[in-house]
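Okay, structure first, notes after.
The values are calculated or read from the model by the stated rules, or taken from the named source; none is laboratory data. None of the values given here were measured: they were computed from a predicted structure. Virtual Cβ from ideal backbone geometry, glycine too; neighbours counted across all protein chains shown.
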Amino acid sequence: MMKIYAALGLCALVAMPVFAQGRWTDMEALEANVSKDDYGTVTSVLIMENGQIAYEGYFNGANANSLHNTRSVPKTITGMAVGAAVDDGLLRVDMPAASFFGDIAPFENPDPRKFKITIEDVITMSSVLECDDNDRFSRGNESRMSIVEDWTSFFWDLPIRGYPGWSDTPATAKYGRVFSYCSAGVEMAGQLVERATKTRFQDYVKAKFFDPMDITQFEWQENGLGQAHKSGGLSLTARDLAKFAEMQRNNGVYNGERILSQSWTDESVKPRAVVFADREVEYGYLWWRSAYEVSGERYENYFMTGNGGNRVVVMPAHELVVVITKTDYNTRGMHQATDKLIEKEIIERLSQ
């Protein structure tokens with residue numbers, strides 16, 4: 001059974017009015033389209049331009065104090081925690097990850113290649129272990145992990161993945177990596193942080209991010225061993241989700257205080273693996289990268305994303321951060337509906 005690790009502010013849950021300024025003042029069309037479910041079941045849309053809230057709207061019973069379960073969006077926060085440990089001099093991305101887990105060795109399906117898996121392999125979802133949440137037959141599928149107690153051993157006991165003739169191999173793939181969406185690897189990345197810092201992951205994240213960024217409202221699921229769910233399960237308000245994106249946009253600085261080094265924030269969003277070549281979707285250190293093309297213009301962005309169509313987007317060239325929360329979990333077209341909202345209601349305004 002999942003436990004909840006929570007910290008809730010003492011303020012009453014009061015509905016907040018929609019706030020808008022600048023090019024975002026005339027948002028009746030967005031609100032009408034959301035009310036018609038044109039973009040799925042949207043609970044919040046928050047837009048920050050040049051560090052200021054430009055539009056804030058809540059829907060379907062949500063308000064400014066609502067905690068949103070954005071499923072995999074917090075994977076990127078786990079990547080930031082790895083970055084904080086790197087900044088602290090406790091980790092390097094070229095370190096062999098298995099070297100931190102000698103206490104649970106020997107692993108099942110023994111293979112010397114397991115000891116060559118680097119931290120970078122893990123946080124780019126490109127290790128040689130057979131782990132794919134998008135394949136229900138995968139031995140590393142997230143659903144198989146959730147029904148066992150020890151998620152760290154689950155990852156290290158996986159067999160080596162195969163590369164059939166119709167797929168890329170690390171030798172032939174762009175960036176030398178083959179992407180495979182692996183939540184178990186993110187859980188293990190969080191365990192790396194715990195082992196390197198000798199601090200509970202929840203406590204480390206609180207000290208490094210929540211406290212300096214004044215994040216006091218959250219819920220965090222834990223597994224049966226009391227470990228934070230590091231690949232999901234962290235619920236935050238829309239404004240607090242925006243804080244992480246805004247900090248990243250400002251090269252690791254939030255409200256004048258350095259949270260992460262610029263070297264880490266720069267490195268974390270560089271493309272390192274191809275997710276979907278036909279859609280030009282790539283992957284960094286637990287950050288997604290893509291571009292929208294609207295009216296002949298190209299809008300580069302990097303983002304966090306989660307089941308249900310949840311999205312936290314940074315468009316650095318436009319000094320823009322966008323948070324969209326939704327509850328359309330496991331539904332067809334959930335992400336496409338979010339893309340439609342971003343293209344129609346946000347990007348089209350950027351040329352105005």
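A few comments on the model shown:
- The lone exception for GLY190 - which of (1) surrounded by fewer than 21 Cβ atoms within 10 Å (Cβ to Cβ); (2) touching a residue at least 24 places away in the same chain (Cβ under 8 Å) it fails: (1)
- Residue under evaluation MET247, criteria (1) on the phi < 0 side of the Ramachandran plot; (2) assigned to a loop (DSSP other than H, G, I, E, B); (3) not aromatic (Phe, Trp, Tyr), criterion not met: (2)
- Considering residues of region 149-187 that are aromatic (Phe, Trp, Tyr) and surrounded by fewer than 16 Cβ atoms within 10 Å (Cβ to Cβ) only, the residue nearest to ILE77 (Cα to Cα): TYR163
- All of SER146, SER126 fail the test of being within 29 Å of SER263 (Cβ to Cβ) and surrounded by 13 or more Cβ atoms within 10 Å (Cβ to Cβ), apart from SER126.
- ASN69 vs. criteria at pLDDT 95 or above and either surrounded by fewer than 17 Cβ atoms within 10 Å (Cβ to Cβ) or on the phi > 0 side of the Ramachandran plot (or both): no
- Note on region 297-352: enclosed strands (runs of 3 or more DSSP E) holding 1 or more residues that are within 18 Å of the chain's Cα centre (by Cα) and under 16 Å from ARG23 (Cβ atoms) are 310-315, 320-326.
- Of everything listed in (1) in contact (Cβ under 8 Å) with a residue 60 or more places away in the chain; (2) of a type outside the set (Lys, Arg); (3) farther than 25 Å from GLY140 by Cα, the single unmet condition for GLU293 is (1).
- Search result, residues across region 251-264 that are touching a helix residue (DSSP H, G or I) at 6+ places or on another chain (Cβ under 8 Å) and not in a loop (DSSP other than H, G, I, E, B): VAL253, TYR254, TRP264
- Taken over region 2-54, residues that are out of contact with any Phe, Trp or Tyr (no Cβ under 9 Å at 6 or more places or on another chain), aliphatic (A, V, I, L, M) and at pLDDT below 50 amount to 5.
- Filter result (in a strand (DSSP E or B) and within 14 Å of the chain's Cα centre (by Cα)) within region 270-289: GLU282, TYR283, TRP288, ARG289
- Pairs with Cβ under 7 Å, 6+ apart, first in region 256-274 and within 14 Å of PHE209 (Cβ to Cβ), second crowded, with 22+ Cβ neighbours inside 10 Å and β-branched (Val, Ile, Thr): TRP264/VAL86
- Within region 85-96, one or more residues are farther than 20 Å from LEU234 by Cα, touching a residue at least 40 places away in the same chain (Cβ under 8 Å), within 20 Å of the chain's Cα centre (by Cα) and assigned to a helix (DSSP H, G or I).
- Test: residue in region 99-121 that is among the small types (Gly, Ala, Ser), buried (at least 21 other Cβ atoms within 10 Å of the Cβ) and part of a helix (DSSP H, G or I): no
- Yes/no for GLU267 being in the same structural domain as ALA171 (by TED's automatic domain parsing), among the charged types (D, E, K, R) and in a strand (DSSP E or B): no
- Test set (1) of a type outside the set (Phe, Trp, Tyr); (2) assigned by TED's automatic domain parsing to the domain that holds LEU46; (3) crowded, with 20+ Cβ neighbours inside 10 Å - GLU300 fails condition number: (3)
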